[in-house]
1. Run the reach check for Lys46 against aspartates and glutamates, Cα to Cα strictly under 19 Å, same-chain hits fewer than 8 apart removed. What comes back?
2. In whole Hz, with x marking every Gly and Pro, tabulate ³J(HN,Hα) for region 325-337 from phi via Karplus 6.51 cos²θ - 1.76 cosθ + 1.60, θ = phi - 60°.
3. Based on the Kirkwood radius over alpha-carbon pairs, what value in µm²/s does the Stokes-Einstein equation return for the translational diffusion coefficient of region 200-345 at 20 °C and 1.002 mPa s?
4. Find, among the trypsin sites (Lys or Arg not before Pro) in region 71-167, those assigned to loop by DSSP (not H, G, I, E, B) with at most 16 other beta-carbon atoms within 10 angstrom.
5. What list do you get for Thr412, Thr224, Thr273 if you sort them by fewest beta carbons within 10 Å?
6. Quick one: net charge of Gly90's neighbours, Cβ under 12 Å, K/R +1, D/E -1?
7. Going by how many other beta carbons lie within 10 Å of each one, how would you line up His365, His265, His408, fewest first?
8. Determine the gain in length on full extension of the stretch Asn102-Arg202; use 0.36 nm per residue of separation and subtract their C-alpha separation, reporting nm with one decimal.
Amino acid sequence: MGLFIRRWGGNKKLFDYRILHCYTVRRTIGLYGQQLEGEFQMPNGKVIAPGAVIGILGDGQLGKMIAMAAARLGYKVAVLGPIGRESPAGQVAYWAEAWGPNAQVEDEQFERFCSLVAVVLIEWENVPVGLLERIEARGIPVRPSSKVLAVAQDRLLEKKLARELDIGETMLLSIEKGYDLLNGRGDRTQDWPFETILKTRRAGYDGKGQARIPAGGSVGDAWTKLGNVPCILEQVVDFIGEVSVIVARREDGETAIYGPFQNTHRDGILRLTQYPISGGPMYDLRDSIREQGYAAARKLTEYLRVDGLLAVEFFVTKEGYVLFNEMAPRPHNSGHLTIECCDTSQFEQYVRAACNLPLGSTHCHSPGEMLNILGSEANDWLRRVGEDRLAVHLYGKGEAKPGRKMGHTTITAFAPNDE
């Protein structure tokens, strides 16, 4: 018996009915709220059927949007993170609990979580790798795996991997301890006629864990400012823009790719994303940027054997070269607009890849812009919800601290051939 899948046909607004013969089904009982019964088998892996519980590590806004996409496909979500039930993800989850200080998960809580879930997804890249390894040891797939997360948590490992795969990047050297500086490896920027930036190897995001050093400045002073922790030193690139690419990959190797997204940061925090690249100095280079970004992201995804999602950030130089910045094995802030702009959002795609479902179309049917709502800007929500073609997403967070991501908006435009 086959399952009929109704698929939207792009700009022509036609439906295409297809039969997926790769499923064998004994009996189905609804897609919502009850698990499908029967044997589900994709050509190269086991399908996790709707009705199953998907685990999410981390309970912020990314987890919330994953949970909402999962619910639309008929899955339940169990969330384990720092806040629990009152978190953005916890508010929409089937099950939610807070872990202990420093993401400690006691044995009883670990057993409760593992007894529920069929697969585990990552919402936050700073989840302890050891927690993922514990889950994997129970035979529960974590997507992406603990090995992928271990690389993504360490800027030095990321840069070394990019270098090994012949992907352009900006690292000059690593600093592990004061010995490296005393031996002249680091405290010598007077020899370099360009600005540098020192970054902690771990736990840096949204501009945190970084210190810029002027040409001729002291790396040692910057290292002390960052707490004398292991760091990498990078050349500050004279770039014309920043872009990101998001790759979904299923365990059989099938991939779907989004981007490049054109990103604008302020104070180290993503402020605005435009998709597709719509103007400025990168517009004439957009085809080359796409080709280079896709090739690099696919290299990383295939080498790491990512099952799930990988987001990769790049700098674009004046000469049109795309240089690797960093990556994250989870949905990305720049991909939020895929909810309104693409056939399949990054969040649904993550669920599809993790559950071994057919990947969805990444076609961009509506160009758009995503703007992060930061801090007290969330107080202007009533005006925003009244604007035409503007989708407002509020994350349900508590205190509106300066620079805190409280939500985002996406404004869409008709594609030229749709007008």
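Any read-out appearing in this document is the output of simple, stated calculations on the displayed coordinates, not a laboratory observation. Keep in mind that this is a model prediction, so the values were computed, not measured. Counting neighbours? That spans all protein chains shown, and the Cβs are built from the backbone with ideal geometry, glycine included.
1. Qualifying aspartates and glutamates at Cα under 19 Å: Glu37, Glu136, Glu251, Asp252, Glu254, Asp307, Glu348.
2. 10, 7, 9, 9, x, 6, x, 10, 3, 5, x, 4, 5
3. Working: Rh = 16.5 Å.
Answer from the Stokes-Einstein relation: 130 µm²/s.
4. Working: sites: Arg72, Lys76, Arg85, Arg112, Arg134, Arg138, Lys147, Arg155, Lys159, Lys160, Arg163; in loops: Arg85, Arg138.
Here the trypsin sites (Lys or Arg not before Pro) that fit, given the DSSP loop and packing criteria, are Arg85, Arg138.
5. Working: Thr412 16, Thr224 13, Thr273 26.
With the sparsest Cβ surroundings first, the list reads Thr224, Thr412, Thr273.
6. On the way: positive: Lys64, Arg85, Lys397; negative: Asp59, Glu86, Glu97, Glu123.
It works out to a net charge of -1.
7. Values: His365 17, His265 12, His408 22.
Fewest-to-most Cβ neighbours within 10 Å comes out as His265, His365, His408.
8. On the way: separation 100, 0.36 × 100 = 36.00 nm, distance 1.46 nm.
Here the answer is 34.5 nm.
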